[in-house]
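Read the structure below first, then the notes.
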2 protein chains.
Amino acid sequence: MREYKAEILSIGTEILLGNIVNTNAQYLSRELASEGILVYHQSVVGDNPGRLEEALEEGFARADLVISTGGLGPTTDDLSKETAARFFGRKMVRDEKALANILERMTHMKREITPNNYKQADLPEGCIPLYNHNGTAPGFILTDEDTGKTLIMLPGPPAEMTLMYEESVRPYLKSLSDEMLVSRTLHLCGMGESGVEHRLRKRMDELQNPTLAPYAKTGIVDLRITAKAHSEEEAEELIRPVEQEIREQFGDIVFGTDDDTLESVLASLLKEHSLKVAFAESCTAGLLAGRFVNAPGASRVFEQGFVTYSNEAKHLMIGVSEETLAEYGAVSPQTAAEMAEGAARTANTQTAVSVTGIAGPGGAVPAHDGKPEKPVGLVYIGYYVNGQVDTEEYRFHGTRASNRDNSVVRALNGLRMRILQQYK
Amino acid sequence: MREYKAEILSIGTEILLGNIVNTNAQYLSRELASEGILVYHQSVVGDNPGRLEEALEEGFARADLVISTGGLGPTTDDLSKETAARFFGRKMVRDEKALANILERMTHMKREITPNNYKQADLPEGCIPLYNHNGTAPGFILTDEDTGKTLIMLPGPPAEMTLMYEESVRPYLKSLSDEMLVSRTLHLCGMGESGVEHRLRKRMDELQNPTLAPYAKTGIVDLRITAKAHSEEEAEELIRPVEQEIREQFGDIVFGTDDDTLESVLASLLKEHSLKVAFAESCTAGLLAGRFVNAPGASRVFEQGFVTYSNEAKHLMIGVSEETLAEYGAVSPQTAAEMAEGAARTANTQTAVSVTGIAGPGGAVPAHDGKPEKPVGLVYIGYYVNGQVDTEEYRFHGTRASNRDNSVVRALNGLRMRILQQYK
């Protein structure tokens, strides 16, 4: 495969006004990276033929492949597609299959068919049409035979664009190459990004095929192993020893691969050991339970969650003692422990997790009566597993939202680690 | 004020690899739009001096003002800042105040101070330094006296960039103009975007100053009224009659302005009438309570939330009758009503909201025993307000995540509308 240089061109005044965030560019950048195609430039222009033409000129001066999104709606299609056709010296011709798709969709949605809908079916002569199975506007792939420069125009709505990419563009890009890229992502929780990078820096620099690259999300580090090979099997053989090496180095910190999530892995683990779980939440106030149930099969291991936002609720709903609350306060290891125990007892489960803390922005408690300060970001997580109770203390330094998200991730992972430990 | 043309230039290989979504460009585009500054182009380049120089050349060929983000980290600062200085024919000089800030932060975080940290304090000669109150890297404003072309370089991490924008860049941009733009945003819930647009289309086209523009989020439509004037008072006089007109047309559908959120407005309303609220959640499983507590003062009106994920939990925690569950199923108006009633009774509150539904992706119940099908996206919301109980049925067509988010928004708004109704 020749080394393609690609650019991503987003067309849409709504992006320049800041009304929407350009997730299409991220999606395409990530997809192209995973095909081994280098993206050196992203740009955004409005729905304006003159500026689009300039952008195509600049883009093709630097790159072999330009992928655009947007500008194909029923009110703007005449601009972008015709500008592109002119740029490639082509005329526009009607695509009957695209037209049939448009008319069928409009009829199905009981919308009025206008002349613009017919124009939506016009495409540059000699292109590869890309049919839209999530909307009306077709896209296309257009290659100049002399220069090999290729333009791929895709619709702007993410649901239409991504489906068209998956169905048509990805296979097209793969067909250009006799090699394939295969990736496996390992998910890690329980060590920070800098710690993971520090331990793997040398290996990441050494490894050529497969490559190894880290990606951090809230509380989670992903390690992507990517192999270039002529077959799936060959790629798998390249990936396997590196995966093995990372698993040996990080142990239980690696919680899953690819489509696994922290909640799906925890739900499977609970199921495997015939355990049920309950949640008692104060500062997260339901976010922990709300995320856990995204795990397939969550309903087999989870029935009851307690949002205990006040001291009284902690006492009434799950029996935290009034003395503990008065003596140590709601944000304390003692309260976190009694919340976890009380949740398990009340819901009659073998495991439970509790979260109590000061998510911010306000709510910090200054030092008083010889008791230490409780700053914003201080969070206690309590765990109950088959009668064993313990707690963790965290001090987060983010926004209210990120402090709560971090608490949820730590809580899910903390229970996972404790179950693994007990059933070793 | 001269009509500034601006461009946004994001510097960062991680954006070109698709590892992060470029929220900085959206933030700056929206901010510039609200200052009346036109953005014709956004672009992204990697951490590469040659391509950065090209990007500056292209940008300043089209625009008077280029705002960049990123490329100022301790490992890359020598590249971007020095490239910019060279482009403007300036040398780099050390800024002592920036250095003091860097050293203080590094010491506070107990990090080792490296030569790179000193280089971070170097800035192009003659620039306006922008100090970083959320990190180490300073930014700057650099203007060429001959051409008036201005480059503003800001750090990449959103928390650092937005604070620097608010503290330093926004006042700078405002100082360039003797006119100001003042906006008020009205938040609407209870009517879809197309319905709102349909009613206001003519007025949006007619209005010149102030202008009127809609923005849609999950279940909420924002209407932004923007006036251009020489003083706050003058702007306020332009905005007031348009706000009044919209409030008359949409009534209680307008739930707040500017920083108000659905949850903050609901929390205030509960407080105003000395009411407390409880939540009983099945498919949302805590997200409703988890969002409500983002309202300032939520703890004064909310104590207990029930995540009742199984039928048994609905019965045990809040007393939904086993007959109702057997006869009508968990996803039914009857169960939603008993959940709301049971939550209020159990938590001893005057109001309660329940949510039960099929969020997807699986879980649809086919028609059987003469009972109708229960498709994915079917959600019942139950309300209890001072003894009055009723339910709403929704059929959402989105993803699992958007169906759950939509349910939360409808539930918050539904309770708001019912309280307004009762206390009219």
Would you mind telling me which numbered condition in (1) touching an Asp or Glu at 6+ places or on another chain (Cβ under 9 Å); (2) free of Cβ contacts under 8 Å to residues at least 40 places away in the same chain B:Thr349 fails? (2)
Among B:Ser43, B:Ser34, which is the only one that is facing chain A (nearest Cβ under 9 Å), modelled with pLDDT under 90 and within 29 Å of the chain's Cα centre (by Cα)? B:Ser34
Quick check: is even one residue across the range A:285-295 of a type in the set (S, T, N, Q) and in contact with a Ser or Thr (Cβ under 9 Å, 6 or more places away or on another chain)? yes
Might you check whether a residue that is at the interface with chain B (Cβ under 10 Å from one of its Cβ atoms) and among the hydrophobic types (A, V, I, L, M, F, W, C) occurs anywhere in the range A:225-248? no
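Residue check: is B:Lys271 more than 23 Å from the chain's Cα centre (by Cα), within 13 Å of chain A (Cβ to nearest Cβ), surrounded by 15 or more Cβ atoms within 10 Å (Cβ to Cβ) and part of a helix (DSSP H, G or I)? Working first, answer last.
Details: more than 23 Å from the chain's Cα centre (by Cα): yes; within 13 Å of chain A (Cβ to nearest Cβ): no; surrounded by 15 or more Cβ atoms within 10 Å (Cβ to Cβ): yes; part of a helix (DSSP H, G or I): yes.
No; evaluated as a whole, the condition is false for this residue.
Out of the residues in the range A:19-31 meeting the condition of being in contact with a strand residue (DSSP E or B) (Cβ under 8 Å, 6 or more places away or on another chain) and farther than 16 Å from A:Thr150 by Cβ, tell me which one is nearest to the other protein chains (Cβ to nearest Cβ). Don't jump to the end; show me each part of the working.
Residues of the range A:19-31 that are in contact with a strand residue (DSSP E or B) (Cβ under 8 Å, 6 or more places away or on another chain), as a first pass: A:19, A:22, A:24-25, A:28-29.
Still in the running and farther than 16 Å from A:Thr150 by Cβ: A:19, A:22, A:24-25, A:29.
On the way: A:Asn19: 6, A:Asn22: 6, A:Asn24: 10, A:Ala25: 7, A:Ser29: 3 Å.
The qualifying residue nearest to the other protein chains (Cβ to nearest Cβ) is A:Ser29.
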Of all residues in the range B:197-245, how many are within 30 Å of B:His397 (Cβ to Cβ) and of a type in the set (S, T, N, Q)? 1
When A:Gly59 is evaluated against the numbered criteria (1) part of a loop (DSSP other than H, G, I, E, B); (2) out of contact with any helix residue (DSSP H, G or I) (no Cβ under 8 Å at 6 or more places or on another chain), which criterion, by number, is the only one it fails? (1)
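Can you name every residue in the range B:306-329 that is more than 8 Å from chain A (Cβ to nearest Cβ) and without any contact (Cβ under 8 Å) to a residue 12 or more places away in the chain? First the steps, then the outcome.
Narrowing the range B:306-329 to residues more than 8 Å from chain A (Cβ to nearest Cβ): B:311, B:314-315, B:318-329.
Residues satisfying the conditions are B:His315, B:Glu322, B:Glu323, B:Ala326, B:Glu327, B:Tyr328.
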For the range B:203-237, what are the residues that are over 25 Å from B:Ser177 (Cβ atoms) and modelled with pLDDT under 90? B:Asp205, B:Pro214, B:Ala216, B:Lys217, B:Thr218, B:Gly219
Per the filter on the range A:8-18, residues in a loop (DSSP other than H, G, I, E, B) and within 8 Å of another protein chain (Cβ to nearest Cβ) are A:Leu17, A:Gly18
Output the residue which, of all residues in the range B:120-146 that are surrounded by fewer than 18 Cβ atoms within 10 Å (Cβ to Cβ) and in contact (Cβ under 8 Å) with a residue 40 or more places away in the chain, is nearest to the chain's Cα centre (by Cα). B:Ile128
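Look through B:Glu160, B:Glu167, B:Glu197 and report the one residue that is part of a helix (DSSP H, G or I), buried (at least 20 other Cβ atoms within 10 Å of the Cβ) and not assigned by TED's automatic domain parsing to the domain that holds B:Tyr394. Please lay out each step first, then the result.
Numbers: B:Glu167 fails: buried (at least 20 other Cβ atoms within 10 Å of the Cβ); B:Glu197 fails: buried (at least 20 other Cβ atoms within 10 Å of the Cβ).
Going through B:Glu160, B:Glu167, B:Glu197 in turn, the sole match is B:Glu160.
Can you name the residue in the range B:208-247 that is assigned to a helix (DSSP H, G or I) and in contact (Cβ under 8 Å) with a residue 60 or more places away in the chain and is also surrounded by the fewest Cβ atoms within 10 Å (Cβ to Cβ) among such residues?
First, the residues of the range B:208-247 that are assigned to a helix (DSSP H, G or I): B:232-247.
From the residues that got through so far, the ones that are in contact (Cβ under 8 Å) with a residue 60 or more places away in the chain too are B:246-247.
Values: B:Ile246: 20, B:Arg247: 14.
Ranking the candidates gives B:Arg247 first.
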Residues (within 11 Å of chain B (Cβ to nearest Cβ) and either in a strand (DSSP E or B) or among the charged types (D, E, K, R) (or both)) located in the range A:46-56: A:Arg51, A:Glu54
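Yes/no per residue for (1) within 14 Å of chain A (Cβ to nearest Cβ); (2) more than 23 Å from the chain's Cα centre (by Cα):
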{"residue": "B:Lys371", "(1), (2)": "no, yes"}
{"residue": "B:Glu392", "(1), (2)": "no, yes"}
{"residue": "B:Arg404", "(1), (2)": "yes, no"}
{"residue": "B:Val408", "(1), (2)": "yes, no"}
{"residue": "B:Gly414", "(1), (2)": "no, no"}
Between a residue in the range B:49-65 that is without any contact (Cβ under 8 Å) to a residue 24 or more places away in the chain and crowded, with 18+ Cβ neighbours inside 10 Å and any residue that is assigned to a helix (DSSP H, G or I) and not small (Gly, Ala, Ser), which pairs come within a Cβ distance under 8 Å, given they are 6 or more apart or on different chains? B:Glu58/A:Glu58
All conditions in (1) free of Cβ contacts under 8 Å to residues at least 60 places away in the same chain; (2) surrounded by fewer than 24 Cβ atoms within 10 Å (Cβ to Cβ); (3) more than 21 Å from A:Lys174 (Cα to Cα); (4) of a type outside the set (S, T, N, Q) are true of A:Ala33 except (3)
Considering each residue of the range B:282-305, count those that are more than 7 Å from chain A (Cβ to nearest Cβ) and not in a helix (DSSP H, G or I), and give that number. 7
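Look at B:Gly342 and say whether it is more than 7 Å from chain A (Cβ to nearest Cβ) and at pLDDT below 95.
Details: more than 7 Å from chain A (Cβ to nearest Cβ): yes; at pLDDT below 95: no.
So B:Gly342 does not fit the description; no.
Only helices (runs of 4 or more DSSP H) wholly contained in the range A:316-424 count here; list those with 1 or more residues that are out of contact with any strand residue (DSSP E or B) (no Cβ under 9 Å at 6 or more places or on another chain).
Values: elements: A:322-328, A:333-347, A:400-422.
In the range A:316-424, the matching helices (runs of 4 or more DSSP H) lie at A:322-328, A:400-422.
The values are calculated or read from the model by the stated rules, or taken from the named source; none is laboratory data. Source: prediction; values computed, not measured. Here Cβ is always computed from backbone atoms with ideal geometry, including for glycine, and neighbour counts include all displayed protein chains.
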